[in-house]
Amino acid sequence: MSRSPSTHGFTIFEVIVVMSLIALIFASVGPLFSSNTNMVEDSRAHQRAEAAHRRNMSALTRLLRGVDIQTLSGFSSEGLATAPSFSRVTGADLDDLTYTGSEQLRWIASPIGVDGVSSPGAVYLERAGTRYLIADRVPAGGFRLRQEGQNLVIELSTYWTTSASRVVTKSTESVVSIRN
């Protein structure tokens, strides 16, 4: 008795056709997956930039609420300042108001570069030779104060970057009414 050859299995041509179809499907789905990943990363960067911006703006407004308008200096003739000096009211005694020493807000460039941001930096408060971080992730030109009568208008920008060096920037203004 002789056995007949098996007719089960695939020919090489069938295997090549199926592999080509699978490769074509992966090639069309790959960019979609990559694009979706970029959108998720950009969305996270927007959320983080917004959170950092709110934190920065809140810190600046809290700091500037107690400023005595009579001690403000460093403003141009247009009422703009990028490095304002001032004293804050800390209390009052029988004779007069009590103040902090002279303080200055100013933007300082970061010693470490950030991909996608030409001049990264932060806003610091300097008092008695000590520097305190007030607002981080602020690009060059991203901080200034504008004096409008008894109000200070804070103009602030905050950035956040993605792993692909895409930059998200949030910019707003906030008005602080000086109460002194």
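The values are calculated or read from the model by the stated rules, or taken from the named source; none is laboratory data. Being a predicted model, the structure only gives us computed values, none of them experimental. Cβ coordinates were reconstructed from backbone atoms using ideal geometry, including for glycine residues, and neighbour counts include every protein chain displayed.
Summary table
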read-out: Residue within the stretch 94-103 that is closer than 30 Å to Ser163 by Cβ, surrounded by fewer than 11 Cβ atoms within 10 Å (Cβ to Cβ) and of a type outside the set (S, T, N, Q) present; value: no
read-out: Hits in the stretch 147-165 - residues which are over 24 Å from Val117 (Cβ atoms) and surrounded by 17 or more Cβ atoms within 10 Å (Cβ to Cβ); value: Gln147, Leu152
read-out: Matching residues in the stretch 151-170 - criterion: being part of a strand (DSSP E or B), over 9 Å from the mean Cα position of the chain (by Cα) and of a type outside the set (A, V, I, L, M); value: Asn151, Glu155
read-out: When residues of the stretch 1-33 are limited to those that are within 57 Å of the chain's Cα centre (by Cα) and of a type in the set (Gly, Ala, Ser), the one modelled with the highest pLDDT; value: Ser20
read-out: Among the candidates Val168, Val138, Val114, residue that is within 30 Å of Val40 (Cβ to Cβ), out of contact with any helix residue (DSSP H, G or I) (no Cβ under 8 Å at 6 or more places or on another chain) and crowded, with 17+ Cβ neighbours inside 10 Å; value: Val114
read-out: Residue satisfying condition, being surrounded by 13 or more Cβ atoms within 10 Å (Cβ to Cβ), modelled with pLDDT of 90 or more and more than 23 Å from the chain's Cα centre (by Cα), within set Ser119, Ser85; value: Ser85
read-out: Options Ile178, Ile154: the member that is touching an Asp or Glu at 6+ places or on another chain (Cβ under 7 Å) and touching a residue at least 40 places away in the same chain (Cβ under 8 Å); value: Ile154
read-out: Gln104 at pLDDT below 95 and not hydrophobic (A, V, I, L, M, F, W, C); value: no
read-out: Which numbered condition Thr90 fails, given (1) modelled with pLDDT under 95; (2) surrounded by 13 or more Cβ atoms within 10 Å (Cβ to Cβ); value: (2)
